[in-house]
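Single-structure report; data block below.
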Amino acid sequence: MNLSNFKFLAPLAAAAALMGAASSQTITVKGSDTMVIMAQRWAEAYMAKHPGTAVQVTGGGSGTGISALINGTTDICNSSRPMKSAERAKLKERYATLGFEIKSAKDGLSVYLNDANNIQELTLAQIKDIYTGKTTNWKQLGGPDAKIIVYGRENNSGTYVFFKDNVLDGADYMPGMQSMPGTAAVVNAVAKDKNGIGYGGAAYAKGIREAKVKKDAGSPAYAPTEANVKSGVYPLSRYLYMYTAQRPSGAVKEYIDWILSSEGQAIVTQVGYFPAK
Amino acid sequence: MNKMLLPIALAAFAGFASAEAPAADDAAQKEKLEAVEGKVDGLNESYLETKTTVAGLAKLKIGGFVQFQYALASDTNLSGGYSQKQGAWAMRRARIKFTYDAGNGAQFVWQPNFLETKFETKDAYFQYTEQWLKSIWVKGGIQDIPFGFEIGNSSSGMELIERSRYENNSVFNGEKTLGLVAGYTPSELPINLKIGWLNGQPQQAVTGDWSATQDPKNFVGRVGFTTAFNELGLSVDGGASYFYDSKVLTDTAKGGTYTQFRNDSMVKITSSFRNDLKTGILGLDLQSTYEIPGLGGFKLLGEYYMGKIVGQPGGIKLYTGAALSTAEIRNTLGYNITGVLNPVQFLPKLQLVYRYDYFDPNTDVDGNGIIKAKGFSAADIAYTTNTIGLNWFVNGNLKVSLFYDIVSNETTTDAALNGAGGKTPGTAAYTAAYVAKNDLSGNIDDNILTVRAQVAF
């Protein structure tokens, strides 16, 4: 075969090599809205100490962040749920790596109630019945005779998926649930609605009341306090994750190491979550 | 006196009037508030209705891809009638996949493949996953043959731009089949299992004694394992598959006539033994990934096929003829090994690929033994293909690939077989140019360079 026929492809190959080259000291972080305030605080504190490194943080939801990681448009993905096996398979297909998981903080996924609500505790089954539409009136749970107004997150949220998997056992949310764009919006809605119920990260629980949660009717009820979340007795304890496509190196590794240091973990506590260890 | 009382009377009236005004304002405001509340309720109702519709639409996921390419062959004609060294543009694949997740473990999939003048269905199936363990599922309809690793890989996600020669030239060509497949994929255990009961070749009209025992079905199964050592950045997956193929003679006579390798020839055999047409293919596959520290991810894929195939005359592709009396039976062998390097640490958008691929459609005869007078044809020639390639992931949607296939064929000195397309020596079609491009006494120069762009969404 006469390879001279293919000379015209040489510039194309060279351009491909150059354009595929790795970028500079900018670290991009994308994903979980639950984690976005914490991630911004980390970035601000880190950039103040490391002027040569820029950390760009955006939310969009855990699912969006994981897609960005697979597509190569972010260095780090924040996720409030573990990566699914199908997502890991895509990462493996694209990069031949298994992905690298970092447990960056702990959270007690809280069930928000309005301050005026007299319900103190709920079982997981009761919460499931509310969110699947089986229980529609607070009276059925010992509260006032009023319709339950259900607030939740949108389906690109890791919290939405975690709640669906761990509380609803995979069942569909009720059609009437009002989907909010972020946890702050859920908190705001429940704070203004005496018949409202919502869920979200413990760090956002301001102006509302967190219900105590118990595994079943015979179990003790626990509030999402640091002690209960760290010991794991709170039924909706979860980790907040960071993922990279491969084992971190260079600037990304330094940034993650800093997040896991006492300095980075102190910010976790300041924001309202709990240290990973 | 009256003059003195007037201001008082006016003041009293004013006091009365001012007492009446708030009441009127309250009523008006209440009315307005009720009107606004009514509007809000109406909007809320409308919002919930819209939300239900949107939630329903959100269950439908649409994805797809288009592959457009330019291929340049060295000496052998490209498919589609384009002559040597001319090169050819081609729309290699254009697919849209519709996936509807109905909830409660039920899913429906339809994937058409668009051709220049028509479209064909690549996938059309339902899948149901039981909701207790969520590890057992069934799939019914047109779907991937549950064999090996390569077949189940999406054409858009593969590292190579084309599948292996064994897959492309055997009963697995096209990768799809019609049937029912059940699977067990537990998340807690490192094993998985797939079993398929598939339609074989279309049933033909049958008379005579055969009709009572016909069973033109294929049974396929794969037992797989998957392991990951996250600390080491290593994963090893693999599996063993078996494809059982049962065909029936469709001659009106009790015995069918077909061609099979016997001794040193492909000979016609008249047989009344239906068992002769039960054949099978064994497959072994292994996939390993390893993250090379400081460099990136490396993937090693290997696949092995071995078995007897009943094919239509001139090959071992899926038999679609009207009668198996013209079938050919061969013992076949194929294997390939692929290395993929993703230098994520330095060139995160690039992927380097190499594949060694061997395919022998008839293991019972080699080289100079492939003689036309003994019933053999170009369909008995073995091929080795070395492929080197580069994938450039421009962004999340666009991938540009540059691949070069170096193809080597088994050779035979039989002059009658040379001119393998079937042109007869001495005829006008058997020209010197034709022989040069089909001369199986040496390696036919059929290397090919392909540049492909894939846009996926």
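The values are calculated or read from the model by the stated rules, or taken from the named source; none is laboratory data. Keep in mind it's a predicted model, so treat the numbers as computed, not measured. In this analysis, Cβ positions are derived from the backbone assuming ideal geometry, glycine residues included, and neighbour counts consider all displayed protein chains.
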Legend entry - Scan of the range A:90-127 for residues that are out of contact with any helix residue (DSSP H, G or I) (no Cβ under 7 Å at 6 or more places or on another chain), outside any loop (DSSP other than H, G, I, E, B) and of a type in the set (Gly, Ala, Ser), ordered by number: A:Ala125
Legend entry - Options A:Pro224, A:Pro235: the member that is more than 14 Å from chain B (Cβ to nearest Cβ), more than 30 Å from B:Val344 (Cα to Cα) and in contact with a Lys or Arg (Cβ under 6 Å, 6 or more places away or on another chain): A:Pro235
Legend entry - Options A:Ala191, A:Ala203: the member that is modelled with pLDDT under 90, away from chain B (no Cβ under 14 Å) and touching a Gly at 6+ places or on another chain (Cβ under 9 Å): A:Ala203
Inset, instruction - Considering every residue within the range A:206-222, establish whether at least one is hydrophobic (A, V, I, L, M, F, W, C), farther than 30 Å from B:Ala55 by Cβ and surrounded by fewer than 18 Cβ atoms within 10 Å (Cβ to Cβ). - result: yes
Legend entry - Output for the range B:352-373, where each listed residue is closer than 15 Å to B:Gly339 by Cβ and aromatic (Phe, Trp, Tyr): B:Tyr354, B:Tyr356
Inset, instruction - Considering (1) buried (at least 18 other Cβ atoms within 10 Å of the Cβ); (2) in contact (Cβ under 8 Å) with a residue 60 or more places away in the chain, say which one A:Gly152 fails and leave the rest. - result: (2)
Legend entry - Unique match (being over 23 Å from the mean Cα position of the chain (by Cα), surrounded by fewer than 17 Cβ atoms within 10 Å (Cβ to Cβ) and of a type in the set (A, V, I, L, M, F, W, C)) among A:Ala116, A:Ala89: A:Ala116
Inset, instruction - Check A:Leu168, A:Leu98, A:Leu122, A:Leu141 and return the single one that is over 19 Å from B:Lys51 (Cα atoms) and in the same structural domain as A:Trp42 (by TED's automatic domain parsing). - result: A:Leu98
Legend entry - Cβ pairs under 8 Å, 6+ apart, first in the range B:47-61 and away from chain A (no Cβ under 11 Å) and within 20 Å of B:Trp110 (Cα to Cα), second among the hydroxyl-bearing types (Ser, Thr, Tyr) and surrounded by 12 or more Cβ atoms within 10 Å (Cβ to Cβ): B:Leu60/B:Thr99; B:Leu60/B:Tyr100; B:Lys61/B:Thr99; B:Lys61/B:Tyr100
Legend entry - Exclusive hit being at negative phi and free of Cβ contacts under 8 Å to residues at least 60 places away in the same chain, set A:Ser219, A:Ser237, A:Ser262: A:Ser262
Legend entry - Test: residue in the range B:56-72 that is modelled with pLDDT of 75 or more, surrounded by 10 or more Cβ atoms within 10 Å (Cβ to Cβ) and more than 27 Å from the chain's Cα centre (by Cα): yes
Inset, instruction - Enumerate the pairs (first residue in the range A:163-187 and free of Cβ contacts under 8 Å to residues at least 12 places away in the same chain; second residue anywhere and assigned to a loop (DSSP other than H, G, I, E, B) and surrounded by fewer than 16 Cβ atoms within 10 Å (Cβ to Cβ)) with beta-carbon separation below 7 Å, excluding pairs fewer than 6 apart on the same chain, so at least 6 apart or on different chains. - result: A:Lys164/A:Gly170; A:Gly170/B:Gln131
Inset, instruction - Kindly establish whether A:Lys106 is more than 14 Å from chain B (Cβ to nearest Cβ) and either modelled with pLDDT of 90 or more or surrounded by fewer than 16 Cβ atoms within 10 Å (Cβ to Cβ) (or both). - result: yes
Legend entry - Answer residue from the range B:148-198, given it is aromatic (Phe, Trp, Tyr) and outside any loop (DSSP other than H, G, I, E, B) and is farthest from the chain's Cα centre (by Cα) among those: B:Tyr184
